[in-house]
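A short write-up of the structure that comes next.
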Amino acid sequence: MTKSEPTGPSRVETVLAYMGAGVIGLSLVSIIVTLVSSYFGAATNLALFAQIPLLGLPLGFVLIMVLLFLALRRKGRENKS
């Protein structure tokens, strides 16, 4: 019985990885923009940039956890066969 060739990450895993990185990256950029604008005493409060990390960081965490679950499931199936 020969083992099959290990397959790479699926398209879903790749999309989840890029989505997670993008959402977390956008959240970090918005944190930096908020901090820099408040440091320089911006007259307008950039409320949108302050709210993005409140949604983006948990969403990025969930995306990465789903990616981890899918990768572990794929590795388990590869090891069985």
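Every read-out reported here was derived from the displayed coordinates using simple, explicitly stated rules and does not represent laboratory data. This structure is a prediction, so every number in the text was calculated from the model and none was measured. As a convention, Cβ positions derive from the backbone with ideal geometry for all residues, glycine included, and neighbour counts pool all protein chains shown.
Quick one: if the Förster radius is 35 Å, what FRET efficiency do E78 and A50 give, using the C-beta to C-beta distance and rounding to 0.05?
Details: r = 44 Å, r/R0 = 1.25.
Result of the calculation: an efficiency of 0.20.
In which sequence would T34, T7 go, from the one with the fewest C-beta neighbours within 10 Å to the one with the most? Each step should come with its number before you reach the end.
Values: T34 20, T7 9.
Fewest to most other Cβ atoms nearby, the residues stand as T7, T34.
Just in the chain: which trypsin sites (Lys or Arg not before Pro) are loop by DSSP and have at most 12 other Cβ atoms within 10 Å?
Numbers: sites: K3, R11, R73, R74, K75, R77, K80; in loops: K3.
When the trypsin sites (Lys or Arg not before Pro) of the chain are filtered for loop state and at most 12 Cβ neighbours within 10 Å, K3 remain.
So which chymotrypsin sites (Phe, Trp or Tyr not before Pro) in segment 32-63 are both in a DSSP loop and have at most 13 other Cβ atoms within 10 Å of their Cβ? Mind dumping the intermediate values first?
Numbers: sites: Y39, F40, F49, F61; in loops: F40.
Within segment 32-63, the qualifying chymotrypsin sites (Phe, Trp or Tyr not before Pro) (loop, at most 13 other Cβ atoms within 10 Å) are F40.
Using label points projected 7 Å from each Cα along Cα→Cβ, tell me how many nm separate S38 and L68, to one decimal.
2.9 nm
Using the alpha-carbon atoms, what tilt in degrees (0 to 90, nearest 10) does helix 11-39 show relative to the longest principal axis of the chain?
In the chain, helix 11-39 runs at an angle near 20 degrees to the longest axis.
For a paramagnetic label modelled at 7 Å from the Cα of M19 toward its Cβ, which residues of segment 57-72 fall within the zone defined by backbone nitrogen distances under 15 Å?
Within reach of a label on M19, which here means backbone N under 15 Å from a point 7 Å along Cα→Cβ, segment 57-72 contributes 57-71.
Whole-Hz ³J(HN,Hα) for each residue in segment 62-72, computed from phi via Karplus 6.51 cos²θ - 1.76 cosθ + 1.60 with θ = phi - 60°, x for glycine and proline: what do you get?
Working through the residues one at a time gives 5, 4, 5, 5, 5, 4, 5, 4, 5, 5, 5 Hz.
Compute the signed sum of charges (Lys and Arg +1, Asp and Glu -1) over the other residues within less than 13 Å, Cβ to Cβ, of V66. All intermediate terms of the calculation are to be shown ahead of the outcome.
Details: positive: R73, R74; negative: E13.
Within the 13 Å Cβ shell, the charges total +1.
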